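Scroll down for the structure; my scribbles are underneath it.
The numbers here are math on the coordinates, done by the rules we state, and not lab data. From a predicted model like this one, the values you see are computed outputs, not experimental measurements. No Cβ is skipped: glycine too gets one built from the backbone with ideal geometry, and neighbour counts run over all protein chains shown.
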Amino acid sequence: MAIASVNPATGETIATFEPLSNADIEQKLQKSIEAYAINRARSFPERAALLLRAADLLDRRAHDYATTLTTEMGKTIKAAVAEVQKCAMVCRHYAQHGEAYLAPERIATDARESYVRFDPIGPVLAVMPWNFPFWQVFRFAAPALMAGNVGLLKHASNVPQSALAIEDILREAGFDAGEFQTLLITSEQVAPLLDDERIRAATLTGSAPAGASVAAGAAKRIKKSVLELGGSDPFVVMPSANLDEAVKTGIRARIVNNGQSCIAAKRFIVHEDIADAFEHRFVAAMNALRVGDPMDEATDVGPMAMPQIVNDLEKQVDASVSAGATLLTGGKRLHDRGNFYAPTVLRDIPRDAPAYAEETFGPVASLFRVRDADEAIRLANATPFGLGASVWTSDDGEAERFIAGIDSGQVFVNAMVASDPRMPFGGTKHSGFGRELGVYGIREFTNIKTVWIAKNPARNDVKREAAE
Ligand code: NAP
């Protein structure tokens with residue numbers, strides 16, 4: 001894929017970039033090793049001060065960076081501002097808590113002293129997606145830098161300006177020795193990097209095929225990887241739920257980021273007693289959404305990031321309708337130019353139709369009816385993914401059954417699934433492995449080092465003297 005910024009609302013090419021040569025990459029790798037020595041030697045308060053400066057820069061220029069995000073990948077400007085502010089939040093979170101998260105843990109044994117410490121491991125390669133061009137990167141970069149590591153970013157080919165902006169922010173904040181470098185490279189240039197001994201680990205956020213490829217490349221060289229992959233999250237609504245709230249949040253959860261979020265609610269699993277009422281309100285609310293210019297504050301749904309995404313949605317929806325699904329609204333492209341797709345709702349979806357279990361990366365909702373909680377849990381788990389789940393009920397016992405029964409990395413009750421710097425984030429099954437954020441996230445790329453200091457041995461010379 002060419003490395004280029006193309007405005008998804010207009011189709012206009014804003015900038016194109018040549019991929020780095022092998023010599024350029026070599027130079028950046030070398031710089032990264034030197035920067036690792038510098039960042040590793042910094043104290044936690046020193047690293048924290050740099051992250052706080054990055055947070056201030058993000059807050060101060062939130063609207064400028066948001067404009068880059070919106071023109072490059074089409075998210076609405078209000079969502080883009082919120083994303084940049086969330087990046088400031090994650091920098092502040094790790095500046096404030098990173099040292100405590102990595103504090104040595106004493107463990108009582110028969111040693112004089114025994115504990116676990118968390119040492120940095122070196123340069124980590126981050127392969128990142130376009131859907132949250134700043135957030136996905138900062139939620140990796142802030143803990144990595146705080147732990148004493150350094151990062152090399154291979155961003156998605158359609159967000160090069162965001163990638164360069166992130167490098168600039170961290171450099172300006174004081175990580176100015178190459179602690180965080182952007183590599184404008186193609187996905188074909190990733191494998192040789194994974195082969196390079198100087199790269200100590202890899203993290204990928206993106207699709208399952210890309211994740212499998214990067215994890216396999218890392219494993220061949222005995223390197224750790226963290227994978228944050230796709231999802232087809234269930235949104236379960238039971239009769240005791242507050243229906244107004246469930247519908248309102250369900251819409252937000254489906255169209256977050258124009259529908260292009262791994263943790264967007266994609267399959268709405270509704271108890272049959274309230275299914276008609278839910279469907280009626282949900283379809284009306286999807287119909288009322290404003291689709292259009294993402295720079296307009298009043299827009300609810302902007303364009304899809306790339307023409308291919310609209311093609312994929314169209315194929316999934318058309319194939320589902322051909323297989324027998326009922327189209328309740330949408331199901332078509334909108335506007336003369338730009339990658340716009342109408343908010344769409346499907347019902348009566350057969351098991352073999354794409355909308356039954358696949359990830360739909362756009363504003364397409366699949367509705368299902370179930371008889372009881374057991375059937376809801378079975379259906380919630382009937383996908384290869386296991387990222388998040390949202391469950392709506394006011395019965396605590398029922399909520400517990402869903403929390404235990406749904407096979408996913410996170411379950412939210414009476415709320416939409418969202419990432420939070422304080423809580424770990426990640427998936428099971430084809431949604432990946434490893435965790436980001438919180439205490440678990442910062443420890444992923446550390447050497448969990450066991451230290452054992454034996455009790456002082458009796459000194460031989462003293463014993464000998466006593467015997468004489
Ligand atoms: P993608 O095609 O997998 O791309 C993600 C990144 O991987 C890009 O930088 C891409 O580079 C690179 N890449 C692709 N194939 C590769 C390969 N064989 N080897 C090395 N690198 C490779 O995914 P996407 O379409 O950008 O993102 C959408 C997917 O990401 C969805 O499935 C979504 O659910 C998932 N996602 C998951 C999370 C999470 O936290 N779990 C968060 C956000 C998104 P190029 O752009 O150059 O191809």
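Numerical summary
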| quantity | calculated |
| --- | --- |
| Ratio Rg/Rh, restricted to segment 233-413 and using Cα atoms, in which Rh is the Kirkwood radius | 0.95 |
| Segment Ile448-Ile222, extension gain: residue separation times 0.36 nm, minus the distance between their alpha carbons | 79.7 nm |
| Nearest-ten-degree value, helix 243-255 long axis tilted from longest Cα axis of the chain | 70 |
| Fewest-first ranking of Ile107, Ile406, using other Cβ atoms within 10 Å as the exposure measure | Ile107, Ile406 |
| Equivalent ellipsoid semi-axes, segment 335-468, via Cα gyration tensor eigenvalues times 5, rooted, Å | 54, 20, 13 |
| Degrees between helix 77-101 axis and first principal axis of the chain (Cα, 0 to 90, nearest 10) | 30 |
| Gain on full stretching of the segment that runs from Ala415 to Thr13 - 0.36 nm per residue minus C-alpha separation | 140.9 nm |
| Set of lysines with alpha-carbon distance to Lys220 below 29 Å, sequence-local pairs under 8 removed | Lys28, Lys31, Lys154, Lys429, Lys449 |
| Dipole axis of the chain (+1 Lys, Arg; -1 Asp, Glu on Cβ), positive-most option in Leu152, Ala277, Leu102 | Leu102 |
| Sorted largest first, extent of the chain alpha carbons per principal axis (Å) | 97, 54, 40 |
| Part-to-part distance (alpha-carbon centres) for segment 62-90 and segment 272-289, which is given in Å | 30 |
| Share antiparallel - DSSP beta bridges, the chain, percent rounded to 5 | 40 |
| Cα-based reach from Lys332 at 30 Å (exclusive), listing lysines while leaving out same-chain residues under 8 positions away | Lys75, Lys78, Lys248, Lys266, Lys315 |
| All lysines inside 26 Å of Lys455 as judged from Cα atoms, apart from same-chain residues fewer than 8 positions distant | Lys463 |
| The chain, relative contact order in percent, only Cα pairs under 8 angstrom and at least six apart counted | 19 |
| Distance (nanometres) between label positions extended 7 Å along Cα→Cβ at His63 and Arg371 | 5.8 |
| Nonlocal amide H pairs with Val237, under 5 Å, H built at 1.01 Å | Ile269, Val270, His271, Trp392 |
| Fewest-first ranking of Arg254, Arg369, using other Cβ atoms within 10 Å as the exposure measure | Arg369, Arg254 |
| Ellipsoid equivalent to segment 45-90 - semi-axes via the Cα gyration tensor, in Å | 23, 8, 7 |
| Other-chain or far-sequence residues with amide H under 5 Å of Tyr341's (modelled H) | Met304, Leu334 |
| Value of [θ]222 nm, deg cm²/dmol, for the chain, DSSP H segments ≥ 4, -39500 (n - 2.57) each, nearest 500 | -13500 deg cm²/dmol |
